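For reference, the structure is listed below as structure tokens.
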Amino acid sequence: MARPVTRPIPFRALLWGLLALPLLLAAVAGLRGAEGFDWRPGDYLAALVLLGGAGLLGDTLLRASGSTAYRLGALVGCLSLLFLCWANLAVGLVGSEDNPFNQVYFALVPLPGLGALLARGSARAMARLMAATAAGFVALAIAALATGQADAPYSSVAEILGLHALFTGLFALAALAFGIAARRG
């Protein structure tokens, strides 16, 4: 990784602001008695761990380079991983959160996170990791359809394809941004 950047970084403020928003919204909704927001302390703790972990990884990557493309890739990649975990824990990506197939998605989470650490934040390696994660979502879409997950309650072919296309696109966008950063040196 390159030397840390010490000046204020707008991307870092955006990252931490976006990560604080779900906790703030959940707390306000819970205080107002909104349906579905009867969170217990353990729910807030789990959210804090998820948000904090994504924030620490993202903050580390944002400090790794002065390149706007690199920072965009880091922001999109980290927020996509967070969204993946949050959605899968809350409602499940295929069917309901009780569908065992949803556990497979957690296998993709360490790929970019640990890969970033092993690659020491190299833009070229990050591009490959994000592309591999995007390819993983294509493979999971095929597996979900091949195993009949579209027939599960709360699931359809359109939902499976749409959700997998969203995540594939997000990780492909991160890969593209890291690739641009790698080409620019």
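Rule-based calculations on the coordinates, nothing more; no lab input. Just so we're clear, the structure is a prediction, and the values are computed from it rather than from any experiment. Ideal geometry is used to build each Cβ from the backbone, glycine not excepted, and the neighbour counts take in all protein chains shown.
Per-structure values
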read-out: Phi to ³J(HN,Hα) by Karplus 6.51 cos²θ - 1.76 cosθ + 1.60 over the range 171-182, Hz, x for Gly, Pro; value: 5, 5, 4, 4, 4, 4, 4, 5, x, 4, 4, 5
read-out: Mean projected area in nm² (Cα convex hull; one quarter of hull surface) for the chain; value: 11.2 nm²
read-out: Phi-based couplings in Hz for the range 114-119 (Karplus 6.51, -1.76, 1.60; Gly and Pro marked x); value: 5, x, 4, 5, 5, 7
read-out: Residue (of 14, 143, 158) at the positive-pole extreme of the chain, dipole from beta-carbon charges; value: 14
read-out: Helix-only [θ]222 nm of the chain, DSSP H runs n ≥ 4, -39500 (n - 2.57) each, per residue, nearest 500; value: -24500 deg cm²/dmol
read-out: Vicinal HN-Hα couplings computed from phi for the range 74-89 (Karplus, 6.51 cos²θ - 1.76 cosθ + 1.60; Hz; Gly/Pro x); value: 5, 5, 5, x, 5, 5, 5, 4, 4, 4, 4, 5, 4, 5, 5, 6
read-out: Debye, to nearest 20: dipole size of the chain, +1 on Lys, Arg Cβ, -1 on Asp, Glu Cβ; value: 1300 debye
read-out: Charge tally in the Cβ shell below 12 Å around residue 124, where Lys, Arg are +1 and Asp, Glu are -1, residue 124 excluded; value: +4
read-out: Net +/- balance of residues flanking residue 180 in space, Cβ distance below 12 Å, scoring K and R +1, D and E -1; value: +4
read-out: Packing-based order for 65-74, 45-54, using average beta carbon neighbours within 10 Å, highest first; value: 65-74, 45-54
read-out: Size-normalised alpha-carbon gyration radius of the range 78-185, reference 2.2 N^0.38 Å; value: 1.11
read-out: Relative contact order of the chain, defined on C-alpha pairs under 8 angstrom at six or more residues apart (%); value: 25 percent
